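**Q** Below is a structure I'd like to ask you about.
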Amino acid sequence: MDTSFDITLNTAVYAPFAFAIIIAVLWKAIGSKTAAAIAALSSGVSFVSALAACWGFYKLGSNMAMFAPAEQLYMLPQLCLSGVSAPMLFLAATVSLAATIYSLSLDIKNAKLYFVLLLVMQGGLCGAFTSANVLWMYMFHEFALVPTFIAMVIWGSAGKRMAAMQMAIYLTLGALVSLVGIIAVYAVTGAAGFNMEAISAAVVSKPVSQYWQYYIFAMLMFGLGTLVSLFPFYTWAPRTYACAPTAFAMLHAGVLKKFGLFMLIQFAIPVLPLGCADWSHTMAVLALFNVIYIGFVTMAQRDVKLMVSYSSVGHMGMCFLGLATMSVLGVGGAIIMMFGHGLSVALMLMLSNIVVNRTNQWDMMKMGGLYKRTPVLAGFFIAGTMATVGLPMFANFWGELAILTSLWSFSPAICALGATGLIFSAVYGLRAVARIFMGVPSGELSKNISSIADISGAERVAASVLVAVLILAGTCPGLITKPADVLLKSFPAYNQGK
Amino acid sequence: METLYSFDWASVKMEAALVIFAVLALLSAVALPRRFQTSVSALAFVGMYLALILACVFADRLMYCAYGCLIVICALLTSQMSFSFFDKLGRSGQSRNEYIAVVMMSAAGLILFGNTDNMMVAFVALECATICLYIMAAFSKDCASSLEAGVKYLIVGGFSGALMLMGIAFMYGAGRIEGVDFMYMGNFSAGLLNGFFKTGLVLVFAGVFFKIAAFPFQFWAPDVYQGAPTPSSAFFAVASKIAGVVFLAKICAYLNFNSADLLSVKEDVVLTLSVIAGATIIVGNLGGITQMRTKRLLAFSGISNAGYLLVLIAALLAEPSSAYAFNTVLIFYLGAYMMANYALFIAVGQFPEANQTAQTLSDYRGSFKKHPVVSLALSVNLASLAGIPPTSGFFAKLMVLVLAWYAQLYWLLGIMVAGSVVSIYYYFSWIRSMAEPEDKTPCQFAPTAAAKQTIVLLAICVLAISAAVLVFAGAQ
Amino acid sequence: MTECLTNFIVPAAMLFVTGMLGVMFKRNMITIFMCVEMMLVAAMLVFTAFASATNDIEGGVFVFFIIAIAASEVAVGLAILTRLFKVDDTLSTKEINTLGD
């Protein structure tokens, strides 16, 4: 690989850690404004290098190997990019940039600690997707998880004690169960190390027996499924996103949730195809519960933040449906959906936090008529809602289209039921827009409505970044699908389906 | 015939150094007036450092050296903790020096207990160490809870020693009948067919299970850890557990089930050990969930760690071919456990009053604000106990999981994973209490400079050792 | 030989079980401590029985070790118990329970 790719990839992942160490070392010397500036600089650097790394990867075209490794930097873990991890890395970098810029506009106590935790989480997220070593993926995931817990305990809103504990226990349980699955794969295949290449080579030379595949895939599916809030292990998600400080919620819902799906696509299914085939119908049924049951629950929500959280749980169901088809089209659609959903849920969480802060209300029924006071905010909110619904021109559209198309050949009944997910998201999305922005402001709100300011500078920048990338991916989905196709076609597991 | 001169003194260099300096320190403490007491403490510390140096420089068998060093480090840390403890009690330097001498003698006994191949020597060494531990538990003579803890430990320790002795008696008898010397551990595999021997072995194991606080003999641990002075609790929690586990591991390494008719015996033994390990993990973790008092919490954490170590021993029994990896993993796990636990016990002791029997988690509120560095270090140590990467506790648990998988102990693996997840609840409760703002009373947590340095140093070691493991594993 | 052995081991086992039951169910600290000593004596008896049944002196030597250990344990134990009585004014396990949740 040429050196520019190595440099950009390593910078994208390790820059946030380096800047976090800088803030920690200069703790006494700098003030919160300086710390915020350093964090913004770090996110910018990481974003630009991630962009360059992904562009460099994309230019490889059909020459790209399955995993494009980067040179190892001293003793730090080796990184690599593949068709699945490149969009995830870019997603992580984008949402990190947006989250950091949004944090600049907030008034935070203990701002230095906040930014250190934010940067550590960003580094962990970027590293989790690009690590070449499966064990390091798990460790980076923990690097991203522990700051969320600490942040929730310190800056969370009401109900944070229970939510933080629940999140920590569920996610660690999921991570540990999947770790046992990883160890099982390592032990059963007799692979030389925990590297992706070593494990793929070992699987090719000595495929895992069907008996083992059944049980190991079950462990990986349920463990990683807990991380992605698959039914019935989703109860940690809504409260976590409602109580966590917004930047961390954006990073968690937008990026960290996708880690489970990423591991399934890149690691679990290629290594254990027979196991996935055994479990695919169960996975599809559980995913349908996510879509339909959680869809109903989302429609019943009055708290705008809870509504957004539940909707993200529902959309993960759609991604799992794509995974269950085990076809290039379905999984490719899931990848685009992960990308698009990550951006749109981050956008919606940020905007709903802005709305809640401005109106001092969490209840959508008590809002209304904000359109006149905050037209720009309304514009962004409608854009986010349209993206969630799956309007063409946003990335989610391509994802849902591909998933539903591949579901049709997998099982027409499941496809029809899955398509109702579109209806649910349209209903609750548009209802939220109507309740918050249209109509007449309700009693309490109408007293304070003249003091509500429109969306401010930093918030605008953050929202625009997210919307811009959404539209970019929506208009040029080839940027994501071409590398993803190359990768997926190279795995024999994915050519079983259509 | 062996004489005083032909005896292999080099093999007991650590114990000899510790005992000689302990006796010297004890005599000097009693004889010398007050102003010399600090020098007497220095003498005791010289003895402990000498034992460490002797072990490392003249290392013959790696396992013996590593185990001995672990116990001496425990003794060093306990002695350091005793300085602030006795200052708060307002007792003279002489009391403190007597305490340090007792700690050193106990450490010598434990090292001999873990290193010996002869059952009788093991029993004598264990009793010697345990008697010193009784003294350590009851050292706060004026404090009712300390005396109560001492009495409880006395009864439990006496009971377990008697059980173990009965076991050894039966093993001796079996040896006399068979014509083999069963006092020497190397002959154990020959005895597995003899009824007396098996009964004896079961009783010995029961005695050691009392020592490491495994199910069903774990009920004494929370009370004794809570009542005893904090330096003693730390020594119980770490050193006696290390000694008990290494002794069990030694016996299990010598048990060879290779002949065909012993396979069913092996299945039974592995099953029993797995059940005990699983029950210990469950009891330890469930007990810790509702616990608000810090010392009892640490006791339950110790019980669940005893369970994880028993998983490791069951894996050794089930899959004897992993013996080389087993020793490394055992020492690594015990080292990680020692560092994290000592940091926490040091922190428990850093409050204004000497007696921490009633200390609860809410006493730590506001620590992050007042002492951010120490609180961060404590969080790292709590994360190591919980098994969060990238601390060494995580790697230790990971290695135990891998060994358990190779030994095909799947149910036990599941229980261990579930136990680790549950344990996150009470470890993270501690971190959460530290992060919460102060209630009505200001935070009393006031670590001395020495304590701060030690806690931070232990946290750095926890991370540095895991970094070394990663580098070592990555370089392969 | 076995008849000779049984003559000693069965009483030893009975002593041991009596001691064990005493430790578990008696309330006075001194009595409990005496029962622990009884268990040690039972073990000593087993040692002696096996030694004499197989004409070996090693078991008898072990008994001396055990006596020495039991003596030191008693010394320390009684010191703790005396101090406990001085502070708490009672030796009953029912009344000594400051520890616990």
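**Q** Taking Rh as the Kirkwood radius computed over C-alpha pairs, what is the Stokes-Einstein D of region A:174-231 at 37 °C in a medium of viscosity 0.692 mPa s, expressed in µm² per second? Walk me through the numbers on the way to the answer.
**A** Details: Rh = 11.6 Å.
Here the translational diffusion coefficient equals 282 µm²/s.
**Q** Considering all alpha-carbon pairs of region B:180-294, what whole percent are spaced by more than 25 angstrom? Display every interim value, and only then the final one.
**A** Details: 2154 of 6555 pairs.
Within region B:180-294, distances greater than 25 Å cover 33 percent of Cα pairs.
**Q** Of the listed pairs A:LYS447/B:LYS440; A:LYS112/B:LYS88; B:LYS152/B:LYS250, which have alpha-carbon separations greater than 30 Å here? Intermediate results must be reported in sequence, preceding the final value.
**A** On the way: A:LYS447/B:LYS440 37 Å; A:LYS112/B:LYS88 36 Å; B:LYS152/B:LYS250 28 Å.
From A:LYS447/B:LYS440; A:LYS112/B:LYS88; B:LYS152/B:LYS250, over 30 Å: A:LYS447/B:LYS440; A:LYS112/B:LYS88.
**Q** If you don't mind, there's one more thing I want to ask. Would you tell me the mean number of C-beta atoms belonging to other protein chains that fall within 10 Å of each C-beta in B:171-177, as a whole number?
**A** Going residue by residue through B:171-177 and averaging, the value is 6.
**Q** Which whole-number value in Å³ per residue fits the convex hull of the alpha carbons of region A:272-402? Provide the component values of the computation, followed by the final result.
**A** Working: hull volume 12.5 nm³, N = 131.
Measuring per residue, one finds 96 Å³ for the Cα hull of region A:272-402.
**Q** Could you list the square roots of 5 times each eigenvalue of the Cα gyration tensor of region B:365-476, that is, the equivalent ellipsoid semi-axes, sorted largest first and rounded to whole Å?
**A** Numbers: eigenvalues 198, 72, 14 Å².
Rounded to whole Å, the semi-axes are 31, 19, 8.
**Q** Over all Cα pairs of region C:2-88, how is the pair count split among 5 Å bins, expressed in % and running from 0 up to the last occupied bin?
**A** 3, 15, 19, 19, 18, 11, 8, 4, 2, 1, 0
**Q** Got a sec? How would B:ARG96, C:ARG83, A:ARG431, B:ARG35 order by Cβ neighbour count within 10 Å, fewest to most? Before the final figure, lay out each step's value.
**A** Working: B:ARG96 25, C:ARG83 17, A:ARG431 14, B:ARG35 8.
Fewest-to-most Cβ neighbours within 10 Å comes out as B:ARG35, A:ARG431, C:ARG83, B:ARG96.
**Q** Hey, if you put +1 on the Cβ of every Lys and Arg and -1 on every Asp and Glu Cβ in region A:3-495, which of A:ILE154, A:GLY314, A:PRO492 ends up farthest toward the positive end of that dipole?
**A** A:ILE154
**Q** From the residues A:LEU445, A:SER456, A:MET386, which one has its Cα farthest along the dipole of region A:367-498 in the positive direction, the dipole being from +1 and -1 charges on Cβ of Lys/Arg and Asp/Glu about the Cα centre?
**A** Value computed over the given set: A:LEU445.
**Q** Also: Average projected area of the Cα convex hull of region A:214-319, in nm²?
**A** On the way: hull surface 24.5 nm².
With every direction weighted equally, the projected area is 6.1 nm².
**Q** Other chains near C:60-73: what is the mean number of their Cβ atoms within 10 Å of each residue's Cβ?
**A** Numbers: counts 0, 1, 8, 1, 0, 6, 9, 0, 2, 9, 5, 0, 3, 9.
Per residue, the number of nearby Cβ atoms from other chains is 4 on average.
**Q** Would you kindly derive the ³J(HN,Hα) couplings of region A:301-318 from the backbone phi angles with the Karplus curve 6.51 cos²θ - 1.76 cosθ + 1.60 (θ = phi - 60°), listing them in order in whole Hz, with x for Gly and Pro?
**A** 6, 9, 6, 5, 5, 4, 4, 4, 4, 4, 5, 5, 4, x, 5, 4, x, 4
**Q** Give, as a single signed number, the net charge of other residues whose beta carbon lies under 9 Å from the beta carbon of A:MET364, with Lys and Arg counted +1 and Asp and Glu -1. It would help to have the intermediate numbers written out before the result.
**A** Numbers: positive: A:ARG302, A:LYS366, A:ARG431, A:ARG435; negative: A:ASP303, A:ASP363.
Net of charged neighbours comes to +2.
**Q** Using only Cα atoms, tell me the angle between helix A:85-104 and the longest principal axis of chain A; keep it within 0 to 90° and round to the nearest 10.
**A** With rounding to tens, the tilt is 20 degrees.
**Q** How crowded by other chains is B:127-138, given as the mean number of beta carbons from other chains within 10 Å of each beta carbon?
**A** Details: counts 7, 2, 0, 3, 6, 1, 1, 5, 3, 0, 1, 7.
That works out to 3 on average.
**Q** Below 8 Å between Cα atoms, with a sequence gap of 6+, how large is the relative contact order for chain C in percent?
**A** On the way: 79 pairs, mean separation 27.7, N = 101.
The normalised contact order for chain C reaches 27 percent.
**Q** Still on this structure, please answer the following. Do the sum for chain A: with -39,500 (n - 2.57) for every DSSP H run of n ≥ 4, divided by all residues, what is the mean residue ellipticity at 222 nm, to the nearest 500 deg cm²/dmol? Kindly include the intermediate steps, with their values, before the conclusion.
**A** Details: 21 runs with 371 residues, N = 498.
That calculation yields -25000 deg cm²/dmol at 222 nm.
**Q** Still on this model: Work out how far the C-alpha atoms of region B:238-377 reach from end to end along every principal axis, then list the three figures in whole Å, largest first.
**A** Sorted largest first, the three principal extents are 63, 28, 22 Å.
**Q** Calculate I(q)/I(0) for region A:3-495 by the Debye formula, one identical point scatterer on each C-alpha and no solvent, and give its log10 at q = 0.05 Å⁻¹ to two decimals.
**A** Results for region A:3-495 at q = 0.05 Å⁻¹ read -0.17.
**Q** Counting only residues 5 or more places away or on other chains, whose amide H sits under 5 Å from the amide H of A:LEU79 once H atoms are built in the peptide plane?
**A** Correct list: A:ALA70, A:ALA132.
**Q** Still on this structure, please answer the following. Kindly state, as a whole number, the per residue volume in cubic angstrom of the convex hull around the alpha carbon atoms of chain B.
**A** Working: hull volume 68.6 nm³, N = 476.
Each residue corresponds to 144 Å³ of Cα convex hull volume.
**Q** Over 13 Å, how big is the tail of the calculated P(r) for region B:154-221, in percent of all Cα pairs?
**A** Working: 1389 of 2278 pairs.
Tail of the P(r) past 13 Å holds 61 percent of the pairs.
**Q** On a 0 to 90° scale, report how tilted helix A:478-490 is relative to the longest principal axis of chain A, with both axes built from alpha carbons and the result rounded to the nearest 10.
**A** That works out to roughly 30 degrees.
**Q** Taking the Cα centre as origin and putting +1 on Lys and Arg beta-carbons and -1 on Asp and Glu beta-carbons, what dipole magnitude results for the protein assembly as shown, to the nearest 20 debye? Could the numbers behind the result be given before it?
**A** Numbers: 54 positive and 45 negative charges, 677 e Å.
Here the size comes out at about 3260 debye.
**Q** Now a separate question. How far is helix A:395-410 tilted off the main Cα axis of chain A, in degrees rounded to 10, range 0 to 90?
**A** 50 degrees
**Q** Would you work out which of C:VAL74, C:ALA42, C:ILE57 lies farthest towards the positive end of the dipole of region C:2-88? Charges go on Cβ: Lys and Arg +1, Asp and Glu -1.
**A** C:VAL74
**Q** Mind checking the dipole of chain B: about its Cα centre, +1 per Lys or Arg Cβ, -1 per Asp or Glu Cβ, Debye to the nearest 20? Present the calculation step by step, with values, prior to reporting the outcome.
**A** Values: 25 positive and 22 negative charges, 242 e Å.
For chain B, the charge dipole is close to 1160 debye.
**Q** Quick one: if the Förster radius is 35 Å, what FRET efficiency do B:LEU4 and B:VAL180 give, using the C-beta to C-beta distance and rounding to 0.05?
**A** Values: r = 29 Å, r/R0 = 0.82.
Here the calculated transfer efficiency is 0.75.
**Q** How about region B:1-103: which GluC sites (Glu not before Pro) there are in a DSSP loop, with at most 12 other Cβ atoms within 10 Å of their Cβ?
**A** Numbers: sites: B:GLU2, B:GLU15, B:GLU98; in loops: B:GLU2.
When the GluC sites (Glu not before Pro) of region B:1-103 are filtered for loop state and at most 12 Cβ neighbours within 10 Å, B:GLU2 remain.
**Q** For the protein assembly as shown, what number results from the quotient of the Cα radius of gyration and 2.2 N^0.38 Å? Could the numbers behind the result be given before it?
**A** Numbers: Rg = 32.3 Å, N = 1075, 2.2 N^0.38 = 31.2 Å.
Against the compact-globule rule of thumb, the ratio is 1.03.
**Q** While we're on this one: Cut-off is 10 Å between beta-carbons; in what order do A:HIS252, A:HIS281 appear when sorted fewest neighbours first?
**A** Ascending number of Cβ neighbours within 10 Å: A:HIS281, A:HIS252.
**Q** Could you give the size of the charge dipole of region A:3-495 about its Cα centre, using +1 on the Cβ of each K and R and -1 on the Cβ of each D and E, expressed in debye and rounded to the nearest 20?
**A** Details: 23 positive and 13 negative charges, 223 e Å.
Result for region A:3-495 is approximately 1080 debye, rounded to the nearest 20.
**Q** Suppose only helical runs count, i.e. DSSP H with n ≥ 4. What mean residue ellipticity at 222 nm does that imply for chain B under -39500 (n - 2.57) per run, divided by all residues and rounded to the nearest 500 deg cm²/dmol? List each step's numbers first, then the result.
**A** Numbers: 18 runs with 357 residues, N = 476.
Mean residue ellipticity, 222 nm, calculated: -26000 deg cm²/dmol.
Read-outs: derived from the displayed coordinates by stated rules, not from any lab. Everything quoted here is computed from the prediction, not taken from an experiment. Quick reminder, even Gly has a Cβ in these numbers, built from the backbone with ideal geometry, and neighbours come from all protein chains shown.
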